[in-house]
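Below: the structure, in C-alpha cells.
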Amino acid sequence: MLKWIDIIRFANYSNPAPDHKVVKSAAEWKQELTDEEFRITRLKGTERAHSSEMCSYFEPGKYACICCGSLLFDGGEKFESGTGWPSFMQPMAENAVAYHKDISFGMVRIEALCNTCDAHLGHVFPDGPAPSGLRYCMNAVSLQKVGSKTRKITFGGGCFWCTEAIFGQLKGVEKVESGYSGGNISNPTYREVCSGMTGHAEVIEITYDPDEISFEDLILIHLSTHNPTTSNRQGADVGTQYRSIIFYRNADEKQRAIDVLKEMQPSFGENIVTQIALFEQFYKADSDHQDYYANNPEAQYCEVVIHPKLQKFRILYKEKIKSEKQS
Ligand SMILES: [Zn+2]
C-alpha cells in the first residue's frame with residue numbers, strides 16, 4: 001500500500017516504470033478526445049467541482065485512463081470526500097500513476113498523471129482516510145468506467161449534418177460525432193474531404209448502449225433515413241465523400257450488417273449500394289461541424305434538407321425517440 005512518504009519519494013526522485021508507454025502527439029490526442037477531455041488531460045485543466053455524477057457513483061468496477069485505457073483505480077478504493085471530485089485511496093497498481101511536483105498557483109502540490117500516457121488526472125493529498133491516508137483527487141473527465149457496455153458504430157449516408165441530427169434523438173444513443181472515415185490520409189480537413197480526393201466519407205460515429213438500441217436497429221434507421229441506392233450521391237450532394245457506407249469493427253458486426261442489408265433489400269426498388277467496410281480510423285470534424293443542425297436551425301441547408309428528413313424520421317421511429325427530458 002502506498003503512503004504519503006512513497007508519493008513524495010516518487011515525485012522527488014523517480015516514478016516506477018509503467019508496464020508500457022503510450023506516446024502520441026497533441027494533434028493525435030485532439031482527434032481522439034473531446035475538447036474538454038483534451039483540455040483537462042493534455043493541458044492540465046481542472047473540471048468544475050460537482051460537475052460529474054461520478055462523484056456520487058460507488059458501484060463496483062474499475063476506472064481507466066480516458067486517453068489510453070490503462071487501469072488506474074478500483075471502485076473499492078473510492079470514497080466520498082465531499083470535495084466534488086471523485087476521490088480514491090489507492091491506485092490499482094503501484095506503477096499505474098506517476099507523480100510530479102506541481103508549483104502552479106503559488107502552491108506546492110503533487111500532480112497525479114497516468115503513468116502510461118502522461119494524461120493529467122488530478123492531485124494527491126495526504127488527508128485521506130486510514131490506513132493509507134491518501135486522497136487521490138481526480139477529474140472525472142480523465143477517467144472512464146470500465147466494463148461499461150457502450151459500443152461505437154460509424155457510418156456515412158451523405159452530409160453528416162443530416163445524419164448527426166437524426167441519431168442524436170434516439171434512446172440509447174449517448175453521443176454522436178461528425179467526422180471522416182475510410183480515406184487514405186491522416187487528419188483530413190473538411191476542405192480536403194470535400195474535394196473528394198482523400199477517399200474519406202463524411203460519417204458520424206455513434207456511441208450507444210446495446211441494451212437500449214441494437215446494432216441492427218441503428219443500421220435499419222440509417223438505411224431508411226438516407227438513400228442507400230445511389231452511388232456516391234445523396235440528393236444534390238455528389239461525390240465519394242457522400243457514399244453510403246457502414247463500418248464494422250469485427251467479423252460478427254460485418255455479418256450482421258450484411259444480414260440487415262439483405263433483409264432490407266426488398267423494401268427498396270433498386271439495389272442497395274451501401275458499402276460494408278472495416279473500420280480503421282475516425283477523424284473528428286472541426287467543432288463548427290458538430291451539432292450543425294442544433295446550432296444553425298435557420299441555415300438554408302437545414303431548412304431545405306435536414307428539416308424534412310427529421311420530420312420523416314420522427315414519424316417513422318416515434319417510439320425510439322428520447323423524450324424531451326432525456327434529450
Ligand atoms: Zn493514460
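The values are calculated or read from the model by the stated rules, or taken from the named source; none is laboratory data. Treat the numbers as computed from the prediction; the structure is a model and nothing was measured. Here Cβ is always computed from backbone atoms with ideal geometry, including for glycine, and neighbour counts include all displayed protein chains.
Need at least 1 residues that are among the acidic types (Asp, Glu) and within 16 Å of the ligand (Cβ to nearest atom) per element, so show me which strands (runs of 3 or more DSSP E) inside the range 63-143 make the cut, counting only ones lying wholly within it.
Details: elements: 71-74, 97-102, 109-114, 120-125, 135-138.
Output list reads 109-114.
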Here's a check for you: in the range 58-76, which residue that is in contact (Cβ under 8 Å) with a residue 40 or more places away in the chain and surrounded by fewer than 18 Cβ atoms within 10 Å (Cβ to Cβ) is farthest from VAL141 (Cα to Cα)? GLY61
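If you go through the range 86-98 one residue at a time, do you hit one that is within 26 Å of PHE282 (Cβ to Cβ), in contact with a strand residue (DSSP E or B) (Cβ under 9 Å, 6 or more places away or on another chain) and of a type in the set (A, V, I, L, M)?
No - not one qualifying residue is present in the range 86-98.
Looking at GLY128, GLY158, GLY182, GLY82, which one is under 20 Å from the mean Cα position of the chain (by Cα) and either without any contact (Cβ under 8 Å) to a residue 60 or more places away in the chain or outside the structural domain of LYS21 (by TED's automatic domain parsing) (or both)?
Values: GLY128 fails: under 20 Å from the mean Cα position of the chain (by Cα); GLY158 fails: under 20 Å from the mean Cα position of the chain (by Cα); GLY82 fails: under 20 Å from the mean Cα position of the chain (by Cα).
One residue alone meets the criteria, GLY182.
Keeping to the range 10-62, report how many residues are of a type in the set (Lys, Arg) and either in contact with a strand residue (DSSP E or B) (Cβ under 7 Å, 6 or more places away or on another chain) or within 11 Å of the ligand (Cβ to nearest atom) (or both).
Restricting attention to the range 10-62, the residues satisfying the condition of being of a type in the set (Lys, Arg) are 21, 24, 30, 39, 42, 44, 48, 62.
If we keep only those that are either in contact with a strand residue (DSSP E or B) (Cβ under 7 Å, 6 or more places away or on another chain) or within 11 Å of the ligand (Cβ to nearest atom) (or both) too, we end up with 21, 24, 42, 44, 62.
So the answer is 5.
Determine if the range 241-256 includes at least one residue that is basic (Lys, Arg), within 29 Å of the chain's Cα centre (by Cα) and surrounded by fewer than 16 Cβ atoms within 10 Å (Cβ to Cβ).
From the range 241-256, those basic (Lys, Arg) are 243, 249, 254, 256; that's our starting set.
Right, trim to within 29 Å of the chain's Cα centre (by Cα) and you get 243, 249, 254, 256.
Next cut, surrounded by fewer than 16 Cβ atoms within 10 Å (Cβ to Cβ) only: 249.
Checking the range 241-256: at least one residue is basic (Lys, Arg), within 29 Å of the chain's Cα centre (by Cα) and surrounded by fewer than 16 Cβ atoms within 10 Å (Cβ to Cβ).
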